[in-house]
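The values are calculated or read from the model by the stated rules, or taken from the named source; none is laboratory data. The structure displayed is predicted, hence computed values, not measured ones. Don't worry about glycine lacking a Cβ; one is built from the backbone with ideal geometry, like all the others, and counts go over all protein chains shown. Heads up: the accessible areas ignore ligands, DNA and RNA and are worked out on the full protein's heavy atoms, side chains in. Shrake-Rupley method; radii C 1.70, N 1.55, O 1.52, S 1.80 Å.
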Amino acid sequence: DKKQQKLSEIQADVQESESLIRRMDLEARSMQPSVKAGLLAKLREYKSDLNNVKGEIKRLSAPNAQQATREELLESGMSDTLTASSDQRGRLMMTSERLNQSSDRIRESQRTVFETEEIGVSILQDLHNQRQSLLHAHTTLHGVDDYIGKSKKILASMSKRMDRNKWIVGGIIATLVLAILFILYFKFA
């Protein structure tokens with residue numbers, strides 16, 4: 001029973017390790033190429049170690065597992081196996097810690113992205129308001145331009161009337177002067 005319990009605990013740890021390695025793989029692939037190559041090499045090593053552990057678990061959980069366990073206990077290299085397991089466990093713990101740190105970095109990056117998105121939305125709203133103001137000013141300017149055009153036409157027609165009125169007044173004055181001269185000529189002649 002204890003063996004089965006330990007095997008199930010180990011299998012749960014292996015599944016968790018697989019999940020962590022997958023996450024690390026995703027994170028490593030999203031990094032810069034200079035850092036990415038080294039991280040992927042380490043991940044291959046971790047995957048290899050994890051596959052070795054899985055093989056050991058399968059061997060131990062096989063129907064002849066009791067016989068294999070007895071043989072292992074009798075072998076003199078049992079201490080080497082335990083050392084390898086503790087090394088693998090240590091590596092898995094380090095991997096888990098690195099994954100936690102990577103998760104923290106991802107959360108921080110997501111927070112930064114959300115803040116940047118909020119700033120972008122604010123800037124877009126400001127730009128929209130400024131566009132509306134410019135469109136309103138453009139419409140007003142066209143209205144003023146139309147009024148200026150009408151004013152020029154009115155001033156031009158007034159100028160023509162003034163010129164015409166000057167000629168008429170000049171003609172009347174010239175006619176009066178001629179009439180006065182004509183009257184004076186007949187009066188003194």
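For (1) at pLDDT 85 or above; (2) in a helix (DSSP H, G or I); (3) within 19 Å of GLN11 (Cβ to Cβ), each residue gets a yes or a no:
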site	(1), (2), (3)
SER48	yes, yes, yes
GLU56	no, yes, yes
PRO63	no, no, yes
SER85	no, yes, yes
GLN88	no, yes, yes
SER96	no, yes, yes
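Look at region 102-161 and say how many of its residues are open to solvent by 100 Å² or more (accessible area, probe 1.4 Å) and under 30 Å from MET31 (Cβ atoms). Matching residues across region 102-161 total 7. Any idea which of (1) more than 55 Å from the chain's Cα centre (by Cα); (2) open to solvent by less than 100 Å² (accessible area, probe 1.4 Å); (3) of a type outside the set (Val, Ile, Thr) is the one PHE188 doesn't satisfy? Here PHE188 meets the rest and fails (2). Counting the residues of region 1-41 that are among the acidic types (Asp, Glu), farther than 16 Å from ILE106 by Cβ and either in contact with a Gly (Cβ under 8 Å, 6 or more places away or on another chain) or surrounded by 11 or more Cβ atoms within 10 Å (Cβ to Cβ) (or both) gives 3.
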